[in-house]
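Asker: Let me give you the structure first, and then I'll get to my questions.
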Amino acid sequence: MAHLIAPSLLSADFARLAQAVELVDASPAPWLHLDVMDGVFVPNISFGFPIIKAIRPLTRKVFDVHLMIVEPDRYITAFRDAGADRLTVHHEACTHLHRTVQAIKAAGMKAGVAINPHTPAHLLGDILGDLDQVILMSVNPGFGGQHFIPGTFRKLNTLNEMRHLHGASLMIEVDGGVTLENAAELGRHGADALVAGNSVFGTDDPAAAIRALGA
């Protein structure tokens, strides 16, 4: 199954963010994945809407913003104003998930929900029809360069079956440990989008890596 690649800026050289964005802009990757971490929901801090706003003029690529933060509802319009096209929140961080999803849509963005490796896919059953995408975390969130958790394939199969059962048109995105060794198999299991960090920006030729991962 064909899948798109969403290079993750978290793995780029932060001293050369403009060059990293321009590289993605010139590549066939249609999305740029932006991981926002607050040091509370996950044990790391990355960047927020000031950085996203600063790089927005550098590309027309879709900004796929993944919020790994507590109380994401407080910042929905701020990320919209910064340039987010797709905004994903974590199931584990939202007390009133349906309300949060509807607020994202009302702000004019595509709405997604991410689930951590320990969270069963079936918990999304009642909200699948409201979502534009689901991000399956295939590592524990917080840091790049982690090893892929094999149980993700089972969850991917489950979510793909649920999608067809509910007639949902959402996209399934896999985030964490994506490499040339597992990208094609993830696509065959139903992944529509793959987040690639170190496997892109950790190589000598990131543009070639993007093309190879999407093949």
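The values are calculated or read from the model by the stated rules, or taken from the named source; none is laboratory data. Since the model is a prediction, treat every value here as computed from it, not as a measurement. As a convention, Cβ positions derive from the backbone with ideal geometry for all residues, glycine included, and neighbour counts pool all protein chains shown.
Asker: Failed condition for Asp126, given (1) under 18 Å from the mean Cα position of the chain (by Cα); (2) in a loop (DSSP other than H, G, I, E, B); (3) farther than 22 Å from Asp64 by Cα, with all others met?
Answerer: It is condition (1) that Asp126 fails.
Asker: Tally the residues that are over 18 Å from Leu123 (Cβ atoms), of a type outside the set (Phe, Trp, Tyr) and touching a His at 6+ places or on another chain (Cβ under 7 Å), restricting the search to segment 152-185.
Answerer: The number of residues fulfilling the criteria is 1.
Asker: Report whether or not Val178 is surrounded by 13 or more Cβ atoms within 10 Å (Cβ to Cβ), aliphatic (A, V, I, L, M), part of a loop (DSSP other than H, G, I, E, B) and at pLDDT 95 or above.
Answerer: Judged against the criteria, Val178 is a match.
Asker: Considering only residues that are part of a helix (DSSP H, G or I), within 26 Å of Thr59 (Cβ to Cβ) and among the charged types (D, E, K, R), which ones fall in segment 79-99?
Answerer: Arg80, Asp81
Asker: Out of the residues in segment 187-215 that are in a loop (DSSP other than H, G, I, E, B) and either over 15 Å from Thr152 (Cβ atoms) or of a type in the set (Val, Ile, Thr) (or both), state the one that is modelled with the lowest pLDDT.
Answerer: Only one residue fits best here, namely Ala215.
Asker: Another one. Give the residues of segment 152-186 that are of a type in the set (D, E, K, R) and within 17 Å of the chain's Cα centre (by Cα), sorted by residue number.
Answerer: Lys155, Glu173, Asp175
Asker: Moving on. For segment 129-140: of the residues being in contact with a helix residue (DSSP H, G or I) (Cβ under 7 Å, 6 or more places away or on another chain) and not in a strand (DSSP E or B), which is surrounded by the most Cβ atoms within 10 Å (Cβ to Cβ)?
Answerer: Out of the qualifying residues, it is Ser138.
Asker: Check whether at least one residue in segment 100-109 is part of a strand (DSSP E or B) and in contact with a strand residue (DSSP E or B) (Cβ under 7 Å, 6 or more places away or on another chain), and report yes or no.
Answerer: Checked segment 100-109: no residue is part of a strand (DSSP E or B) and in contact with a strand residue (DSSP E or B) (Cβ under 7 Å, 6 or more places away or on another chain).
Asker: Which residues, counting only those in segment 23-45, are surrounded by fewer than 21 Cβ atoms within 10 Å (Cβ to Cβ), out of contact with any Leu (no Cβ under 6 Å at 6 or more places or on another chain) and not hydrophobic (A, V, I, L, M, F, W, C)?
Answerer: Asp25, Ser27, Pro28, Asp38, Gly39, Pro43, Asn44
Asker: Still on this structure: For segment 141-171, what are the residues that are buried (at least 19 other Cβ atoms within 10 Å of the Cβ) and β-branched (Val, Ile, Thr)?
Answerer: Thr152
Asker: With (1) under 22 Å from Leu34 (Cα atoms); (2) surrounded by fewer than 18 Cβ atoms within 10 Å (Cβ to Cβ) as the list, and Pro120 as the residue in question, which single condition is left unmet?
Answerer: (1)
Asker: Of everything in segment 42-75, what is free of Cβ contacts under 8 Å to residues at least 60 places away in the same chain, more than 16 Å from the chain's Cα centre (by Cα) and not in a helix (DSSP H, G or I)? Give them in sequence order.
Answerer: If the condition is that a residue be free of Cβ contacts under 8 Å to residues at least 60 places away in the same chain, more than 16 Å from the chain's Cα centre (by Cα) and not in a helix (DSSP H, G or I), then Ile45, Thr59, Arg60, Val70, Glu71 are the ones that fit.
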